[in-house]
Structure formats: structure tokens, C-alpha cells
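The structure under discussion appears below in the form of C-alpha cells.
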Amino acid sequence: MDKPSLVIIGNGMVGQRFVDEVVKRGLEGSWNIFVIGEERQPAYDRVALSSWFDDQDDNALSLVEQQFVEEGPVEYRLGTRVDVIDRKNQTVLLDDGSTLAYDHLVLATGSYPFVPPVPGKDLPGVFVYRTLDDLANIASWVEEQDCKSGVIIGGGLLGLEAANALRNMNVAANVVEMAPRLMPQQLEDGGSEMLSRWIDELGVAQYCGVMTEEITGDAQGVTGLRFAESEKLAEMDGIEDNQLGTDIVIFSAGIRASDSLGRDAELEIGERGGVVTDTQLVTSDPNISAIGEVACVNNMVYGLVGPGYDMAKVVAERLAGSAIEDGFAGGDLSAKLKLLGVEVASFGDNQGNDTTTDIVFVDPVKKVHRRLVLDENSQIVGGTLVGDTSGYDLLVAMARGQMATPEEPQSLVLPDYVGAGSASDMELPDTAQICSCNDVSKGDLKEAVANGCHTVGALKSETLCGTSCGGCVPAMEDLLKVELANAGIDVKADICEHFAYSRQQLFDLVRFHGHTSWSDVVAAHGSGRGCIICRPAVASILASLSNGYVLDESQAGLQDTNDRSLANMQRNGTYSVIPRVPGGEITPDQLIELGQIAKDFDLYTKITGGQRIDLFGAQLSELPAIWQRVLDAGLESGHAYGKALRTVKSCVGSTWCRYGVQDSVTMAINVELRYRGLRSPHKLKSAVSGCTRECAEAQSKDFGIIATETGWNLYVGGNGGRQPRHADLIATDLDDETLIRTIDRFLMFYIRTADKLQRTSVWLESLDGGIEYLKEVIFEDSLGICDELDADMAKHVDTYKCEWQETLESPERLSQFVEFVNAPEETSTPVWIRERGQKAPAPAETEELVIIGGP
Amino acid sequence: MDNVVDLTDRVGTTICPLESILMDTGVGALVDGQPVAVFRLSPAVDGGEEELYAIDGIDPFTRVPVLSRGIIGSDGDQPIVASPLYKQRFNLVNGQCLDDDTVQLKTYDTAVVNGMVIVGPTSQA
Ligand code: SRM
Ligand SMILES: Cc1cc2nc3c(=O)[nH]c(=O)nc-3n(C[C@H](O)[C@H](O)[C@H](O)COP(=O)(O)OP(=O)(O)OC[C@H]3O[C@@H](n4cnc5c(N)ncnc54)[C@H](O)[C@@H]3O)c2cc1C
Ligand code: SF4
Ligand code: FES
């Protein structure tokens, strides 16, 4: 143990970034490295904290691999607190009683939420909003107490974020702010007023300019707030006797640096808190550095992650012996956010002073307020944007002096939709920062593209751009498109060489022209004879739009292998038969008959992963007879062969299960019957669980439904398979009717706009604006297409027919199911072996073709 | 028919009426005891006539007789079919596999006589 010890206190965002920077430089070769973190979880993305409510999955936010924590070159002690720094002996004392010696110590203890000393602040039901545990506690309180309304104390950024979280849990949110307006730090009066109009519309009540005197309640929990008397209160809704009732209170009244370790160890502390450092982040003790929100550099404490990341890098460089000369250059507090779906940005010196002037654009109809602050030389130094943040990147670059403000800055205040001359017409210089969280410039991104990163994903892993708050991702996408186009790299979304259109464009064309056959489509919009890509794609579009029989003359030649025979081809050329078992519910008689059919035709039988029964090993020519028996048993096509709805899994639900809160089986059957046969860009799977124990695994489905006490939560965009993805929560506590209408629209919108063979998960991730955009389309009808989507789905439901039923009704169609047209009684037969009492295809090497006479 | 050879004085196998092959699909047939895949292609978009092709019916990659159930299409000017199992493409004119130079299928001459499709002996070409 002759290596010196490097001890890092705090495993938050910046502490972890520091570990990454240190390991990147191979410093674990020359140091023994220890990380002490008070929270149970290894570092996670606090910036994205609120997204925890989507799926309540701690791991989804993690910033470090579990394996690295357990076996990596750095020793982690999590759930452990440092109580004392003993500078004289260069040791730290941990709360488990042990001590740890250090040669260099890095403080990365971040901040804690400030809770003003209001009486009642310790009552049950009062929370802060900072850690995963805080959120878990909030969620269980809301559930246990069945909270109907809640109060957030503090109308800043985080307060509004917390308000949104309550809203998503169906708790009416009230924001209480001491200042006369919302976001007092970031916005001036005009912008704040406009924001307040947006927030009003979302049904979040605001109480600004009021003082909370007491939180009322008893040992059972909070019941309300009592305010200091004021005239304002009388005009506010919902207030009686200066009181506002509530079931939960969340404090979001600002943060304070977690500097108590430093204070106790008598390190120099800033006026307004924080451990003072120089620009190399060294504290008043040369063996101790401080980084992130606990550091006070040049009299500033930075409450954003970007500057913290820069600090982590500066210290890592210094320890590696190649100190960055100027050290930490200072960060700025520019931020662009989407709060409750409202675009808000503030950048540079947004307050201004005696020597500055403002240019303001106000559009009361679209609720847009944009303000630029100019210095005496008419250079942009800062600004605030509410309701429309177009041109943000350029404006920030100008405020930072990375590019000159043009002669007539007036036009820059205009939002994009006003048009001519607005900021987005101009080009950013390479030095402009695109990602403030990770300090990535336009030049860095261009270089990465030139070096072969041609997707957003590749750019993210190469440059880290967009990996923290995600706010810069749209800018990154735009840049990628431009760079690829400049480099002459094809970014066309064309389906294939036969159609110069994306699937979505082709869908719109077919819908608009009302085409019903391949020949019309290819004559009007394509070339050649098509291929295995475009033919099935066109078939799927035609089927989604017309719901016609897929093996009709005009469509038969378009169908993929499995659709062509309405069965899945197996590796030896035989087929499988999968009847639909809606919701997984099947009668004993049907089970017996399936068994009998399998025996009569000697079919291998297996329970599928989708709660149904698969019969394998049927000859093409046997399919009609087998399906006739299946239909006679009251079952129908399961579309296992189609890009269509597959299964809707169910759990047994409230009918039998002691925990079930809704009848998940009935819902699953209804959903499966409604969407059966719906052709789509890729297969669709669903599931319904009767309670949050989630036995049906609904969150791994394209659309998953989970029962709540009062309705259904709907999740979309999940799948298993190659790239598993958890579904995102799109709406909560829906009644039956709204649930179905929401799914209708979701599915039809997906069918219209997805790429060929693109599952809902990938489609959702590719949507500009993601789940929020999808919500706007579905719930607010932002595209004005909901009527069409509803009508398209109604048409599907009304015209559904079982394809096997249709096939069996027509001798012409049946004639397709022979192996040799000129010798219908002959079949080729593969070599079978017997395994565990059933037949199975012989291993590939032994296969050899025999043609035999039929029965 | 564009590409059909006069088979009347050679011995061919009668397969089925032309109409019973759906446009742009194939059917399986037995010719001299061997599986053959027969395809009927609609006239190309830029004019011309219907086309008829016959190739070996066995997918050379899996030894399974399913080529008649593949999807037809074009690659440039060449008419092709893709195996329904692992999607390798074959030129319908000369049987050449587009995804593996070393693989070429037998092709057969075709004709339509009195509305009946006739597949001849192996193509002379
Ligand atoms: C039969 C079954 C396996 C079994 O014995 O249990 C099965 C069999 C096949 N699966 Fe599957 N999958 C089966 C459940 C699943 C599941 C589990 C589930 O549905 O709960 C999954 C993961 C969940 C998911 O899809 O999100 C699954 C993920 C896949 C994938 C990967 C999809 C992806 O997005 O990555 C493919 C490939 C594809 O679709 O492109 C696939 C494709 C296939 C195909 C169709 C491949 C093919 O073309 O031959 C298999 C043919 C089935 C046949 O011949 O009948 N199968 N497959 C299951 C049928 C369920 C049913 O009742 O319909
Ligand atoms: C809801 C929310 C939204 C946010 N949104 C944004 C945003 O959009 N953009 C942005 O830039 N920033 C945002 N922030 C701020 C951002 O999360 C912080 O700037 C960042 O986390 C700071 O990192 P840090 O490592 O300095 O502190 P932290 O992440 O707070 O980590 C400090 C860690 O040290 C631990 N610790 C403290 N004392 C001890 C001790 N004595 N012993 C052991 N461990 C200790 C703490 O438990 C904590 O885990 C947001 C914050 C929140 C809460
Ligand atoms: S999800 Fe809930 S209701 Fe359904 S079986 Fe599991 S525990 Fe029972
Ligand atoms: S700006 Fe936050 S991730 Fe890029």
C-alpha cells in the first residue's frame, strides 16, 4: 500500500464525473481511490430526477455501471456518510465508525434543499425534492393518503418541476411563491407574467407574493398552510381565513451548499456559503479540493451541473500533472427548459443594469414573450425567452461573445414563426457551445461527424453531448443533418431503390390517392418490380388503410413469407399454426380440441411466450384442413404471421387474485378483440395487469395497461426482444372509454408515421419532442388529426374479418395451398425425428428431400 | 409473352392454366420428379408484356423446396426472387444468386399454349 490515497466525498453527478475523468487519465495506477457517498444508490442523473415518476426505476437514471461500482478500480462505500474531516491527521471519520486516511481529499458534497424555519415543517407529509429517496417518499405518501391536492413552496424552476410531478400523479398542484412572480431568479416581470398565463392554463394554481406562516396538521399529516395576513389573499381563489388546504407539501425554496464538513474543519467558507477555492478548485487547505455545487469560486456557487463538470475536469488534469493553466474559467447560468410543456430559456446577463437596454417582443395570442438585453454598444449580453425559444443557441453564442451581434439586433428578438431575419437563419460559429452540461462545441460535433459518427447515438457516446439534461439534443440533431448533407452522405429515408419516399410519405400518398393495389402505387410513385422491402411495406400500408383480404389477386404477391400462407414458415419449409387466445383465456373444450387436432395431424405442440399454443410441422397443403378444425372449435387466426397485433397478455386480475383492483382479463380480451388483425409497421404486443405487481409485464409491451384503484394507467413504447425498452407512462387513471380512445389514437398515429419495420419503441424515440409531443397530438389534438385517427380505427374495427375464415370460404383462395400445382396429391416431406414424445425436424445436416405421394 | 420459347416440338410438362398463377407470385410444380418454381410477372411499369419464368424449386442454401413462395421483384433491370427462408436473391433469367457468386440455379424454358403454362426441359442457355 505505498500508493497515496485519493478520497472523494460525495457520489453525486459531479463526484461521479470526477471519478470518470480520473479513470480516463489512468490515475488509478498511481492512487488508491475511495468514494464515500451518503445516498444508497451510486450516482444518478439528478437533472432528470423527475423522470423517475415515469417508471419508478432507480437504475434507469444511473450514471455508473453496477459492475464498475462492485469490481472497478475505485472502491465505493455507499450509504456511508463522512462525519468529520481531521485535517491534522489527514483522515476522515465515517459514520460506521471507521476512519480513512487521505493524501488528497475532494469535496463533492453538492447541496441540500433549504427549508425555511416555518412551524410545522417537520409534520408527516412535508417533503423536499432532491434525491431518489425523496421522490419515493413522495410517491408512497400520495398513494397511501390518496392525496387530492398538494402545495409546492417555491415558484422557481424546481418548484414548477415538482408541480408537474404532482399533476402527473393526479394531485391538484398549487404553487406558493414569496416573490411577487414565478421564477424570480430567471425571469423579469413580463416574461414571468407570460409564464404564469401558460401555467394557469395547465390548471396549476399560483399564489405569488404571499408569506407562509405555518404548516397546519397533526401526527396524521399535514392539512394546510396558513399565510400571513395580506390584502392580496382576499382576491385569491381557494383561500379561506388565510388558509389553503392540502394533503402534501413539497419545499422547493432554494438550495444551500452542503459545506458543513468544511465549516467544521475550518476551511474558508464563502459569504453566502460554499467552500472557497481558487480557480484550480483548491480550498484553503492545499490537500483539499472542492468541486460542484459545494464549491465557491470567484464568489460564485454554481447550481448547475455543467460548471461542475468543468471543475471535475480541472482537478483531474491537475492531479494528472498537466494542470489547465487558467483553471476553471467560470460557467454561465444559461438554461433552456421545457417546463410543464412550456419552453423557457434565460441566458447571459438576463437582469441587466443601468447601462443596458432591452428589446422586447410580445405575442399575447401565442403567449410568447422574448426579451434581449443589449449593452451600450448594442451587443447582446443576455435575455429571457418564454413560450418560444427559437434561436436560443445563437443568442447564447452572442451573449458569450463567441459571435458578434449583427448590425440590426432587433430582428433577433422575433420568434421563428414571424419569419424573415430571425436568429435561426444565421449560422453558428464553430466555437459556439451546443451542450452546456458537457461543454461540447459545434466544432467538436463537426469533428465527430467527420470521424464517422453518423447518428445521434454515436455522437452522444463520442462527445457526451446531450447525455445530461438532454436540452441540446434538438440542436445536435439539426447539426447532424446539415453536416451529413454537406459531406454528401445520404440521409434519405427512402424505403428502397424502388421508392424515393419514406414509409410515412408513402402512407400519406396512398391514403390521399386512395390506391388499393400494388400496380397503382408503383405506377404512380415507384419504379421497377419492387423488392422484399417495399412490397411488404406497401402491403402493410394497403392493409392498414383498407383492411381488405391480404391474399387477394392484387396483394398476394406483396406479402412476406409468413403472410403469404397465413402461417409462419419454419426452417424445414413446414408451417406453424397459432390460433388467437384473447387475453390468454381458453376453455377446457378448446384446449382438448387443440390437443386432438395436434394428435390427428401429428403436430409438435408448445406453449408460446405469449400465452397461447403453437402447433408446428404442418405442410402447406394441410393448413386449410387444420384451420377449419380450429375455427370449428370457436378459435380464429392469431396473426402470428403478420406485422399486426399479436397477443394481449393478461394476469388473472380481480376476478381471482387477492390483490387485483380491476378485471384485467376482461380488459385484455376487449383490447385484443378490438385491435385483432390491425396491420402495422411492425408487430404490436400488449398486456393488462390487474395491479401494480404487474404480473402481465405490461411495461415491456408496445402498449401496456396497469390497473389502478380508479382506472387504468397506460404505458407506451415498450418491447422485449433484441433491444429491450421499458414503456413510458403516457396517462394515468383513465376510465375504460378514454383508455380505448387513447390507444386508438396512439396506434393509428404510429401506423401513419412510423418507418417500415420500426417498432413503437424506436418510433417513439425518434419523435421530435418524444412522449410530450405524443401527448400533445393525442390529448390536445395539436395536429388536428384526432378525428381522422378515430375514424380510421372505427373503420378497422367495423370491417375486421378473420383471414382464415375468408380463405376457407373461397375455393379459389384454397387453391393457393398446394405444394405442386400439377400434382396436388404429392408433397415433399422433410426428415422428422422424435424427441420427448413429439416429432421434430431432423438436425440440418441429416436433412434430405423425399417426395412422397399424399394421403 | 416476351421471353417464351417455342416448345411445341420439344417435350414439356403442362403445369396449370396461366390464370391460376396470381400476378407477381409463383407456384410450385413437379417437372421430371423435381420441384420447380414458376413465376408470373406483370408487365414492367415502363410497358412491355407479361413475363413467365421457371427455376429450380429448391432453395440451395437450405435444401428446402420453397423458392416458389418467395417474393419477386427487380434489381436494376433484372427480375429476381428472394428465398422466403433467408432472403437470398436469385436472377430469374439465368438463376444466378445475387448474394453469392458461387451459386447458380437451373432455369427452365417456359411457354403458354392454349392458355396452359408449359415448362420445358432445362434451358439451353
Ligand atoms: C412462438 C414464439 C416463441 C415460443 O415458442 O414461445 C415466437 C416465435 C417467433 N418469433 Fe418471437 N416468438 C414468441 C414470442 C416472443 C416474445 C415474447 C412475448 O411476446 O411476450 C418476444 C419478446 C417480446 C417483444 O416482441 O417485444 C419475441 C421477440 C421476437 C423478435 C424480436 C423483436 C424485436 O423487436 O427485437 C422477433 C424478430 C422480429 O420480429 O423481427 C421474433 C420473431 C419470431 C418469429 C416470427 C421468427 C420467424 O419469422 O420465424 C418466430 C416464429 C414463430 C412461429 O413460427 O410460430 N420474435 N417473440 C412466441 C410466440 C408468441 C405468440 O403467442 O405469438
Ligand atoms: C429536480 C432537479 C432538477 C435539476 N435540473 C437541472 C438542470 O436542468 N440543469 C442543471 O444544470 N442542473 C439541474 N439540477 C442541478 C444538478 O442536479 C446539480 O447541479 C448537480 O447534481 C450537482 O452535482 P454535485 O455532485 O455537485 O451534487 P449532488 O448531485 O447533490 O451530489 C452530492 C452528493 O454528495 C452526498 N453527500 C453530501 N454530504 C456527504 C457526506 N458528508 N458524506 C458522504 N456523502 C455526502 C450527497 O448525498 C449527494 O449524493 C437539478 C437538480 C434537481 C434536484
Ligand atoms: S398483477 Fe396484481 S392482480 Fe395481476 S396477478 Fe399479479 S398480483 Fe394479481
Ligand atoms: S445541454 Fe444538458 S445535456 Fe447538453
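Where a number appears in this text, it was derived from the coordinates with a stated rule and is not lab data. Values in this document were obtained by computation on a predicted structure and should not be read as measured data. Virtual Cβ from ideal backbone geometry, glycine too; neighbours counted across all protein chains shown.
Note on residue A:486 and residue A:231: the extension gain reaches 85.6 nm, defined as 0.36 nm multiplied by sequence separation minus the Cα-Cα distance.
Residue by residue along B:30-39, Cβ atoms of other protein chains within 10 Å of the local Cβ number 3 on average. The modelled label-to-label distance for the pair residue A:83/residue A:516, using points 7 Å beyond Cα in the direction of Cβ, is 8.3 nm. Computed on the range A:321-412, with alpha-carbon pairs under 8 angstrom and 6+ residues apart, the relative contact order is 25 percent. Normalised by the number of residues in chain A, the average gap of Cα pairs under 8 Å and 6 or more apart makes the relative contact order 7 percent. Label reach from residue A:417 (point 7 Å along Cα→C-beta): in the range A:333-371, amide nitrogens under 19 Å belong to A:337-345, A:360-371.
For the peptides A:788-800, A:830-842, A:343-355, A:300-312, the ranking by mean Cβ contacts within 10 Å, running from highest to lowest, is A:300-312, A:343-355, A:788-800, A:830-842. Each Lys or Arg adds one and each Asp or Glu subtracts one; over the other residues with Cβ under 14 Å from the Cβ of residue A:266, this totals -2. Given R0 = 25 Å, the distance between the Cβ atoms of residue A:136 and residue A:733 translates into a calculated FRET efficiency of 0.80. Reported to the nearest whole Å, the Cα centre-to-centre distance from the range A:598-643 to the range A:296-343 is 62.
Put simply, when A:573-583, A:725-735 are sorted by average Cβ atoms within 10 angstrom per residue, most first, you get A:573-583, A:725-735. Distance check, please: which entries in A:839/B:106; A:336/A:481; A:148/A:367; A:685/A:801; A:701/A:756 exceed 25 angstrom between their Cα atoms? Where the Cα-Cα span goes over 25 Å, the pairs concerned are A:839/B:106; A:148/A:367.
For the peptides A:657-666, A:389-398, A:23-32, the ranking by packing is A:389-398, A:657-666, A:23-32, with the highest mean count of neighbouring Cβ atoms within 10 Å listed first.
In a fully extended conformation the segment linking residue A:801 and residue A:168 would gain 224.0 nm over its present Cα-Cα distance, using 0.36 nm per residue. Specify the residue with the greatest mean-square fluctuation among B:52, B:18, B:92, computed from a Gaussian network of chain B linking alpha-carbon atoms under 10 Å apart. Sorting by GNM fluctuation, first place goes to B:18.
Computed from point charges on the beta carbon alone (+1 for Lys and Arg, -1 for Asp and Glu), the dipole magnitude for the range B:7-124 about its Cα centre is near 420 Debye.
Nearest 0.05, what FRET efficiency do residue A:781 and residue A:708 give at R0 = 22 Å with Cβ-Cβ as r? Approximately 0.30, to the nearest 0.05. Relative to the dominant Cα principal axis of chain A, helix A:770-779 is inclined by about 70°. A Cβ-based charge dipole, computed about the Cα centre of the range A:565-799 with Lys and Arg at +1 and Asp and Glu at -1, lands at about 1060 debye.
Projected label points at residue A:791 and residue A:410, each 7 Å from Cα along the beta carbon direction, are separated by 4.6 nanometres.
Taking label positions 7 Å along the Cα-Cβ direction at both residue A:322 and residue A:693, the computed distance is 5.7 nm, reported to one decimal. Where a ≥ b ≥ c are the square roots of the eigenvalues of the C-alpha gyration tensor, would you call the range A:1-140 rounded, which needs a/c under 1.5, or, failing that, prolate if a/b is larger than b/c, or oblate? Oblate shape, in that a/c is at least 1.5 and b/c is the bigger or equal ratio. Hydrodynamic estimate: the Kirkwood radius of the range A:503-559 over Cα pairs, inserted into Stokes-Einstein at 20 °C and 1.002 mPa s, corresponds to D of 194 µm²/s. Rounded to the nearest 10 degrees, the inclination of helix A:13-24 to the longest alpha-carbon principal axis of chain A is 80 degrees. Once the Cα-Cα distance is subtracted from the 0.36 nm per residue extended length, the residue A:71 to residue A:300 segment shows a gain of 78.7 nm. Averaged over peptide B:80-89, the number of partner chain Cβ atoms lying within 10 Å of each residue's Cβ comes to 3.
For chain A, a crude dipole built from +1 on the beta carbon of Lys and Arg and -1 on the beta carbon of Asp and Glu, taken about the Cα centre, is about 2240 debye to the nearest 20. Against the longest principal axis of chain A, how steep is helix A:157-168, in degrees 0 to 90 to the nearest 10, with axes from Cα atoms? Between the helix axis and the principal axis of chain A, the angle is about 30 degrees.
Across the range B:26-125, the relative contact order, built from alpha-carbon pairs under 8 Å that are at least six residues apart, equals 19 percent.
The chymotrypsin sites (Phe, Trp or Tyr not before Pro) of the range A:56-152 meeting both criteria, a DSSP state outside H, G, I, E and B (loop) and at most 14 other C-beta atoms within 10 angstrom of the site's C-beta, are A:114.
Taking other C-beta atoms within 10 Å as the exposure proxy, A:183, A:211, A:236 rank A:211, A:236, A:183 from fewest upward. For the residues of A:564-577, the average number of beta carbons from a partner chain within 10 Å of their own beta carbon is 3.
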